[in-house]
Amino acid sequence: MSQDPTARDARLVAEMEADVGVEHVADVYAEAFLGAAESAGQTETLLAELDSLVTDVLDRFPKLEEVLASARISHAEKVGLLDRTLGSHASAVLLNFLKVVSRHGRLDCLRAVHHQAHELYDRMRGRVRVQLTTAAPVDAGLVARITQNLRAVLDGEPVVQQITDPDLIGGIVVRVGDTVYDGSIATQLENTRQQMIDRSAHEIQTRRDRFRNPAGD
């Protein structure tokens, strides 16, 4: 049975609005977290602790993440759970921050807060995240040259993340935020193929026009 287009569009709009809402909430809490970390003089340490919360706790124990995000679990129950699971491991700054987020019912945004905290910290330090994708691993010398070239054109210090994707066939793809600088052979081949298709279509249309409108008519 086909889906009602109106209902589908309404659902997509709702999802987009929800995403925007989560991003805004994450910005607010990420800024608060960094403010507390800066005041404590432990920004790098607390960011690493937030990283560990995501990778060592939320990733490994998805049921715990579900409970913390659930609107059916009371704030008091979540505070008790945080104390039992993180009390002997987490710093007072992080634990208190999590309790504040819980009090406002937004522990469902922890991953978004984690992401935004790094985004904000990079901006504070003048860093620009760069994703470098290559068909095969590249040596440090090439990465250094690419970083140097990016440093000359970016408004900040490039922080390069390397990714290997054999499907590229060859070449590199550099992503900076929403901008992609694509130099892969695969993309060049696809562009060439599309140009050939477009050229052939143009030639066919030209011949049709000549056939329909012979000279001298």
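The values are calculated or read from the model by the stated rules, or taken from the named source; none is laboratory data. Remember, it's a predicted structure, so these values are computed and weren't measured experimentally. All Cβ positions, even for glycine, are placed from backbone atoms using ideal geometry, and neighbour counts span all protein chains on display. The accessibility values were calculated without ligands, DNA or RNA, using every heavy atom of the protein model including side chains. Shrake-Rupley method; radii C 1.70, N 1.55, O 1.52, S 1.80 Å.
Numbers for the structure displayed
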quantity	calculated
Gln148/Asp122 FRET efficiency (R0 22 Å; Cβ-Cβ; nearest 0.05)	0.70
Leu47, Leu64, ranked by accessible area, largest first (probe 1.4 Å)	Leu64, Leu47
Normalised per residue, the volume of the convex hull around the Cα set of the stretch 30-148 (Å³)	136
Arg199 accessible area, assembled protein chains, probe 1.4 Å, Å²	130
Total formal charge among the other residues, if their Cβ is under 11 angstrom from that of Asp155, Lys/Arg +1 and Asp/Glu -1	+2
Accessible-area value, Lys99, 1.4 Å probe, nucleic acids and ligands omitted, Å²	50
Cα centre as origin, Lys/Arg/Asp/Glu Cβ charges: the stretch 48-101 dipole, Debye	240
Cα-based shape type of the stretch 105-170, given that a ≥ b ≥ c are square roots of the gyration tensor eigenvalues and the cut on a/c is 1.5	oblate
Positive minus negative residues near Ala92 (Lys, Arg vs Asp, Glu; Cβ under 13 Å)	-1
Difference of contour (0.36 nm per residue) and Cα-Cα distance, Ile169 to Lys63	34.2 nm
Förster-model FRET efficiency, 35 Å R0, Leu81 and Thr45, C-beta, rounded to 0.05	0.90
Calculated P(r) of the stretch 57-115 - Cα pairs past 13 Å, %	59
Per-pair calculated FRET efficiency, R0 = 35 Å: Ala71 and Asp182 via Cβ, rounded to 0.05	0.25
Residue-by-residue Karplus 3J(HN,Hα) for the stretch 100-108, coefficients 6.51, -1.76, 1.60, Hz, glycine and proline x	5, 4, 5, 4, 8, x, 10, 5, 6
